[in-house]
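The values are calculated or read from the model by the stated rules, or taken from the named source; none is laboratory data. None of the values given here were measured: they were computed from a predicted structure. Because the Cβ atoms are built from the backbone with ideal geometry, glycine has one as well, and the counts that use them run over all protein chains shown. To get the accessible areas, we keep the full protein, side chains included, count just its heavy atoms, and leave off ligands, DNA and RNA. Shrake-Rupley method; radii C 1.70, N 1.55, O 1.52, S 1.80 Å.
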Amino acid sequence: MNQEDIFKNIISHSKEYGFIFQSSEIYDGLSAVYDYGQMGVELKKNLREYWWKAMVQMHENIVGIDAAIFMHPTTWKASGHIDAFNDPLIDNKDSKKRYRADVLIEEHVAKIETKITKEVEKAKERFGESFNEETFRNTNVRVLENQAKADSILDRFKGALEANNLEEVRQIIIDAEIVCPISGSKNWTEVRQFNLMFSTAMGSVSEDANLIYLRPETAQGIFVNFLNVQKSGRMKIPFGIAQTGKAFRNEIVARQFIFRMREFEQMEMQYFVRPGTEIEWYNYWKLARMKWHQSLGFGNQNYRFHDHLKLAHYANAACDIEFNFPFGFKELEGIHSRTDFDLKAHELHSGKKLQYFDPEINQNYVPYVVETSVGLDRLFLAVMSKSYVEEKLEDGTTRVALNLPAFLAPIKVAVLPLLKKDGLPEKAREILELLKYDHACTFDEKDTIGKRYRRQDAIGTPFCITVDHQTIEDNTVTIRHRDTMTQERVSIGQLVTIIEEKVSFKKALQSLKQVP
Ligand code: GAP
């Protein structure tokens, strides 16, 4: 099955088993907005908790906050979002479809690069062992032509963006003969900048109402509270402030399920450091965050760094952690060394000092900041896409399972009485009572035991406990392991230890300890 089909299956599986629903589906949905169902909410909560424990609970010098979504409008002037949080948009006059001009250009270049890759693959097959890729790339006429075409488009595009020259961006689209994927025509409008922030009004009387924005990132809630936390928590630099919460962006090209949403959740941490030490801390957090992702066990080869060559004006180093999604490697987390840009901008716009007195060097300064920022929904998609497996079993049937790390699974234990009679349900409920205070458990007595196992596999439940007639006699049950489908007979007294050992966050958190 190709990646596209697998991705489609993941989307329908997410709906069928209560992980993710389209928002307001009964009204035909709201584009790029999604709801988490009964399973999704648990998995999302566990991912958030793993992040929170790793960032806050495991670090004596990192604390959390929960700032409001609404903030004083000047916040967004200071942060640069009002003036510069824009996407360049272009419309096709025939299809009336709107596109991000940069995406059209980047996708066009990606197509040229795919042609080159195909040419190289073909030659590799033809020449076998003796094939030298570097020589081929440097000499093959078609490859050289295509490479020159791609480089020239990218160079022009970079120049146009740097000069904020939207006419030139349009001209690149015309010159590259990029067509609308719907109408197939080259009938393009001008390129316009479009601000991505959602706004609403605060105040009861419309004339007095203030324009208020829904935050496009959680980070600014941390910056404006920097001194409150530092003073009330008596924090000493270096220290961090972490936050998880909703962010809103009026994304124009919102595709690929929960990868790019209009309402999403971020998990961000700002690490305040002494100026001059920021690159050291940037490198520390780069490694620490990569290790955190890899600790989920989906294979280190599915993660890579993408270092930014062109830096935003406020950053002196930046990279993404990219993940191998079903549609290719894409950004999962951003790590940025943001200098003192944000705190200085808030000092300027608020007129309040946002400085720290460093007793070690006897100096006041505006701290520098290293930021780690991961999208919780994107992380959810990464986890779903690598956990989802369709397995052919020896008996010829297919099993769909979610091989989630046990500590992330929405339900940890399913308690299943073999029959609905002979006191088995009552005994099963006793076991549920024993376990439910510590773990998310479920009770299921409908259908055959085989069907019930499959239902639990499909939502990623690591343990199924079956209560049978022997249980009544000797207080033993069978415990079935999701990944191996093996069963063992254990006493009820052993259950707590067996389950706790596998489902606690402890082992995963301990594996992060050696960082870096
Ligand atoms: N404070 C820095 C910041 O917001 P960003 O690269 O714009 O940086 C950080 O966003 C992360 O938030 C991204 O790596 C991604 O995981 C997530 N994210 C951004 N836009 C998103 C969207 N429209 N839908 C889902 N996740 C998004």
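Remarks
- Distance (nanometres) between label positions extended 7 Å along Cα→Cβ at residue 129 and residue 313: 5.9 nm
- 0 to 90° range, to nearest 10: angle between helix 449-459 axis and the chain longest Cα axis: 20 degrees
- Ignoring aspartates and glutamates fewer than eight residues from residue 451 along the same chain, the ones with Cα atoms less than 18 angstrom from its Cα are 16, 390, 391, 394, 395, 468, 483.
- Separation of alpha-carbon centers, the range 264-338 and the range 135-161, rounded to whole Å: 28 Å
- Links that overshoot a 19 Å alpha carbon limit, given the list 8/115; 111/186; 149/330: 8/115; 149/330
- Estimated inter-spin distance, residue 86 and residue 74, nm [label 7 Å along Cα→Cβ]: 2.5 nm
- Estimated purely from DSSP H runs of n ≥ 4, each contributing -39500 (n - 2.57), the mean residue ellipticity at 222 nm for the chain is -12000 deg cm²/dmol once divided by its residues.
- Note on the chain: semi-axes of the ellipsoid equivalent to its C-alpha gyration tensor, largest first and rounded to whole Å, are 44, 33, 24.
- Annotation: residue 232 carries an accessible surface of approximately 100 Å², with a 1.4 Å probe and no ligand, DNA or RNA atoms counted.
- Dipole moment magnitude, nearest 20 debye, the chain about Cα centre, only Lys, Arg, Asp, Glu C-beta charged: 240 debye
- If R0 equals 41 Å, the separation of the Cβ atoms of residue 140 and residue 399 corresponds to a calculated FRET efficiency of about 0.35.
- Eligible lysines near residue 45 by straight Cα distance, threshold 22 Å, same-chain separation 8 or greater: 15, 53, 246, 291, 386, 412, 436, 502, 506, 507
- Considering only 51, 318, 345, the residue lying farthest towards the positive end of the dipole of the chain is 51, judged by Cα position with unit charges set on Cβ.
- Acute angle (nearest 10 degrees) that the helix 40-52 long axis makes with the longest principal axis of the chain, alpha-carbon atoms: 70 degrees
- All other residues whose Cβ lies under 14 angstrom from that of residue 509 are scored, Lys and Arg at +1 and Asp and Glu at -1, for a net of +4.
- Highest-first arrangement of 211-223, 375-387, 109-121, where packing means the average Cβ count within 10 Å: 375-387, 211-223, 109-121
- The residues of the chain have, on average, 50 Å² of accessible surface per residue, using a 1.4 Å probe with all protein chains present.
- FRET efficiency for residue 30 and residue 119, using Cβ-Cβ distance with R0 set to 30 Å, rounded to 0.05: 0.10
- Exposure ranking of 349, 481 by accessible area [1.4 Å probe, largest first]: 349, 481
- Heavy-atom SASA rank of 255, 482, 137 (probe 1.4 Å, accessible area, largest first): 255, 137, 482
- Selected from 224, 258, 61, residue furthest toward positive end of dipole (the chain; charges at beta carbon): 61
- Between 0 and 90 degrees, the angle of helix 424-435 with respect to the longest Cα principal axis of the chain falls at about 50 degrees.
- For the range 106-111, 3J(HN,Hα) per residue [Karplus equation, 6.51 cos²θ - 1.76 cosθ + 1.60, θ = phi - 60°, Hz, x = Gly/Pro]: 5, 5, 5, 5, 4, 5
- Only the Cβ atoms of Lys and Arg (+1) and of Asp and Glu (-1) were treated as charged; on that basis the dipole of the range 194-250 about its Cα centre amounts to roughly 440 debye.
- Heavy-atom accessible surface of the chain: percent carbon and sulfur, 1.4 Å: 50 percent
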